[in-house]
């Protein structure tokens, strides 16, 4: 059921470029007394490109003498699978976990504490990316990679409508949409009613908090006017689209709609263009990307930073070996390589240069520093279980309800979920 | 004079035509979704997401099947699914038949109670009992094994199997058995020689239900068997509806491959099964 | 000599039943007991992962029974089951009677169509239906558009409770009719011809012979099938869950789906167990009538 949540992380990279293998590091240290052991790592489908996997496996075996086994996980039912696995005698030693899910798992006691690791290799992890790994002041996971949304646009449609400059502000973007609309050949932007992570980004942009503490308990803060402000921006986007108001960007897959060439743009992950190209190879030459423009040219729109962390199971008997793996996988060399191969945002700003030549990644990077996530509280996971009340709120507003009334409508469900016993 | 006759013949022609016409319409209605699954599986992606449906896969392609079959561990999953399904069905047939024989043919204290108990067992909502089953299997240290799957799937289909077989056994005239016994057969011998052959259609039709149930089970295998080597095909189908979006081509190809064994089994068995089912069902 | 023989004969039925009973106790009874125990616990992610047992009395039950959601879902489940079963039984019977009227070749054709629909594994069937009713590129909308219902061109079938249920119902009825129809057809072939002849001699018309011969003969069959269909439809988890995960807005959740989402989706396993048990109780209540008939009928037999 967490499929959508994790999907938003955009782990899957279809833009595979050639792996550049750096110099040989970890030379001479040799096998470290882990001979004969096997470390199991759960990675989500799409997170581990072949080149990277092979190189990491080789480096790991060389350094530790142990074997590394990646087990690729499907999205369907992953949460049940992970929770139950953590209760077992032989949990996966290391696993990929969505950044927003990390607090919920941290409070269960299922994740090993990683303060030592943060000290030794995490000094310059990007602040906004590391935040979700910290719970109650302690480090429970390590940021692996992230992705955020950009505007994916059809150059031909923009050009035919007379839009020649890439929009730098929100106003310019809407002006461009107006032109496309006037041209009448294409839907200016495909924006279904429940692209909730885009909306989350907008609330980060307006500085809104989705929850607040009241009497020691977390409750809905949807009624906040700042949330309404974000929703107004969203509504403006949606007004240019005929997409269903009660569906998210995955049904139908927005990239496939875009692939038909009758849509000016959509807000999505860079890798989604791969989906479009698969559906219609001819679209490839027309696809372009730019950073979602904000209020002013110097500050991009707020974005949701979907990210993946790596965590170690508290129940794993190979704590030390698992740390060795993290040190290798998260080293500058392999972070850089992953970033290159997947086109994802690496965990350090200094490594962002690896995105050079990847237009989608380059468009995404500027927004990272001002990005954010969903509220980092264990209770949050329950909110996003379908049907996500915030999606319900969005559809209600788009169907004509006022912001205040829609917020009120879902508040009960929202609060109920936040109050669930942990 | 001729008028009424022509009217009558028209009416009778109509009477002859409408059942056939209706049958054709019904046939189309029942078959279309199945057809569409196969048709989609053979079409290139561009024809699948088309403004106007492409009714026949003109640009025939095996691309989606290749995607589906080359997924990791495909053949392991096939083997597991077949093993688990066949064993579960066989066990339930054997155990069910023994009990069915007792319930249909013998008179003993508590008989009614047993029948009702098995009817109740039929109501178990397995999907929501999965967590309890998981804890039992986990604590018994039997995760990632095909054994728990086999026995629980067997249990899922046992009540239906048993009750239906009871009907079949009951429908076989008692005298047949008795005359065999008069001829010097013992009761077990009479059973094997006389009843079992007559039961063949019943066994087949009952097993169909078991096949479908075991073949489809998803929630239990998902959390019981996390290692890829111990998983089954339903987990594989869901692979193609992922972050990449629903890959309808591959999904339909996978669904087709998934459905084919059952479809064939049905078409193969339906003749005998149908005649058999009645006996069972009528007796109920 | 006869004494031990008689004793084995007396024991025989129990011996024959032993494997089935043992399996049921071990593989169904035990999980049920376990489930019952869990339903009195506060069991969430943390407790599951750390193997904690936190008893919390009847709190899960009071919460479930006290929530209007549960009762709404229960009512919906009953309506849903009722509507589907009526449709299945009526249409299935009609198709079965049609089969009896058809010529050989036509009958075989229709039988094959029915068998194909019946044999579709539910997982595959749901996937196909989602694809048929897809908002964009779905065949159903295209056809409706061509037939002149242009507002249906981009219709989203899963947008409202009613139309989602309509799709699920179509799917379930489509897959269930074959079972009823084929069995009913087969059952009619076993009706002795003499009964109809006798009825005709008494001057019965087609309808009368149907009500006075066919229906009484098929009654036990119809009862049994209805009972099975009630159970199957009530428990139709795969179809309802897979088509829209109980959406929109949880409005198409039926009891098993509700239990699954509360228990598994939201990872409140104790709560899920409580709902599961309540689900069984409700199903029992729904089928009590038939079970009573069976109890009575078995008394008369043998």
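The values are calculated or read from the model by the stated rules, or taken from the named source; none is laboratory data. Everything numeric here is computed off the predicted structure, so don't read it as measured data. Quick reminder, even Gly has a Cβ in these numbers, built from the backbone with ideal geometry, and neighbours come from all protein chains shown.
Observations on the structure shown:
- Of all positions in segment C:67-75, none carries a residue that is at the interface with chain B (Cβ under 9 Å from one of its Cβ atoms) and either touching a strand residue (DSSP E or B) at 6+ places or on another chain (Cβ under 9 Å) or surrounded by 18 or more Cβ atoms within 10 Å (Cβ to Cβ) (or both).
- From the list C:55, C:30, the lone residue that is exposed (fewer than 15 other Cβ atoms within 10 Å of the Cβ) and touching a helix residue (DSSP H, G or I) at 6+ places or on another chain (Cβ under 8 Å) is C:30.
- Filter pass, residue C:99 being more than 29 Å from residue B:155 (Cα to Cα) and surrounded by 17 or more Cβ atoms within 10 Å (Cβ to Cβ): yes
- Unmet criterion (only one of (1) under 19 Å from residue A:315 (Cα atoms); (2) touching a residue at least 12 places away in the same chain (Cβ under 8 Å)) for residue A:125: (1)
- Residue B:49 assigned by TED's automatic domain parsing to the domain that holds residue B:255 and buried (at least 19 other Cβ atoms within 10 Å of the Cβ): no
- Among the residues making up segment B:113-145, those that are in contact with a helix residue (DSSP H, G or I) (Cβ under 7 Å, 6 or more places away or on another chain), closer than 24 Å to residue C:48 by Cβ and more than 7 Å from chain C (Cβ to nearest Cβ) are B:126, B:130, B:134, B:137, B:142, B:143, B:144, B:145.
- Strands (runs of 3 or more DSSP E) completely within segment A:170-271 that count 2 or more residues being closer than 24 Å to residue C:136 by Cα and more than 14 Å from chain B (Cβ to nearest Cβ): A:187-190, A:263-268
- Scanning segment B:63-95 for residues that are under 30 Å from residue C:153 (Cα atoms) and out of contact with any helix residue (DSSP H, G or I) (no Cβ under 6 Å at 6 or more places or on another chain) gives a single hit, B:63.
- Residue A:137 vs. criteria modelled with pLDDT under 95, surrounded by fewer than 18 Cβ atoms within 10 Å (Cβ to Cβ) and within 27 Å of residue C:50 (Cα to Cα): yes
- Identification of helices (runs of 4 or more DSSP H) wholly contained in segment C:123-214 with 2 or more residues that are within 12 Å of chain B (Cβ to nearest Cβ) yields C:139-146, C:161-189.
A quick yes/no check of all residues on (1) under 29 Å from residue A:386 (Cβ atoms); (2) within 16 Å of the chain's Cα centre (by Cα):
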position: C:217; (1), (2): no, no
position: C:223; (1), (2): no, yes
position: C:226; (1), (2): no, yes
position: C:230; (1), (2): yes, yes
position: C:239; (1), (2): yes, yes
position: C:243; (1), (2): yes, no
position: C:248; (1), (2): yes, no
position: C:254; (1), (2): yes, yes
position: C:261; (1), (2): yes, no
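- Count of residues meeting criterion [within 14 Å of chain B (Cβ to nearest Cβ) and free of Cβ contacts under 8 Å to residues at least 60 places away in the same chain] in segment C:76-93: 0
- Leading residue by the ranking (nearest to the chain's Cα centre (by Cα)) among those in segment B:77-94 that are within 13 Å of chain C (Cβ to nearest Cβ) and in contact (Cβ under 8 Å) with a residue 40 or more places away in the chain: B:85
- Failed item in (1) within 30 Å of residue A:101 (Cα to Cα); (2) within 27 Å of the chain's Cα centre (by Cα); (3) touching a residue at least 24 places away in the same chain (Cβ under 8 Å), with residue C:68 passing the rest: (3)
- Of all residues in segment B:234-247, those that are modelled with pLDDT of 80 or more and closer than 21 Å to residue B:36 by Cα total 3.
- One residue alone among A:411, A:335 is in contact with a helix residue (DSSP H, G or I) (Cβ under 6 Å, 6 or more places away or on another chain), in a helix (DSSP H, G or I) and either away from chain C (no Cβ under 14 Å) or crowded, with 20+ Cβ neighbours inside 10 Å (or both), and that residue is A:335.
- Test for residue A:114: is it under 22 Å from residue A:373 (Cβ atoms), modelled with pLDDT of 95 or more and more than 21 Å from the chain's Cα centre (by Cα): yes
- Being without any contact (Cβ under 8 Å) to a residue 60 or more places away in the chain and assigned by TED's automatic domain parsing to the domain that holds residue A:276 is a property that does not hold for residue A:118.
- Which listed residue is modelled with pLDDT of 90 or more, crowded, with 24+ Cβ neighbours inside 10 Å, more than 7 Å from every other protein chain (Cβ to nearest Cβ) and more than 23 Å from the chain's Cα centre (by Cα), from B:103, B:97, B:149: B:103
- Here segment A:39-79 is the region considered, the condition is being part of a helix (DSSP H, G or I) and out of contact with any helix residue (DSSP H, G or I) (no Cβ under 9 Å at 6 or more places or on another chain), and the residue that is farthest from residue B:235 (Cα to Cα) is A:62.
- Only one of the listed residues (C:264, C:269, C:241, C:221) is touching a residue at least 60 places away in the same chain (Cβ under 8 Å), within 10 Å of chain B (Cβ to nearest Cβ) and surrounded by 22 or more Cβ atoms within 10 Å (Cβ to Cβ). That residue is C:269.
- Look at (1) more than 30 Å from residue C:56 (Cα to Cα); (2) not assigned by TED's automatic domain parsing to the domain that holds residue C:122 and you find that residue C:215 fails only one, number (2).
- Residue check for residue A:106: crowded, with 16+ Cβ neighbours inside 10 Å, in the same structural domain as residue A:318 (by TED's automatic domain parsing) and over 28 Å from residue A:343 (Cβ atoms): yes
- Residue A:253 meets each of the listed conditions (1) under 30 Å from residue A:421 (Cβ atoms); (2) free of Cβ contacts under 8 Å to residues at least 60 places away in the same chain; (3) touching a strand residue (DSSP E or B) at 6+ places or on another chain (Cβ under 8 Å) apart from (1).
- The set of residues in segment C:224-238 being at the interface with another protein chain (Cβ under 9 Å from one of its Cβ atoms) and either in a helix (DSSP H, G or I) or surrounded by fewer than 21 Cβ atoms within 10 Å (Cβ to Cβ) (or both) consists of C:224, C:225, C:227, C:228, C:231, C:234, C:237, C:238.
- Filter result for residue A:310 (touching a residue at least 40 places away in the same chain (Cβ under 8 Å), touching a strand residue (DSSP E or B) at 6+ places or on another chain (Cβ under 8 Å), closer than 25 Å to residue A:82 by Cα and crowded, with 23+ Cβ neighbours inside 10 Å): yes
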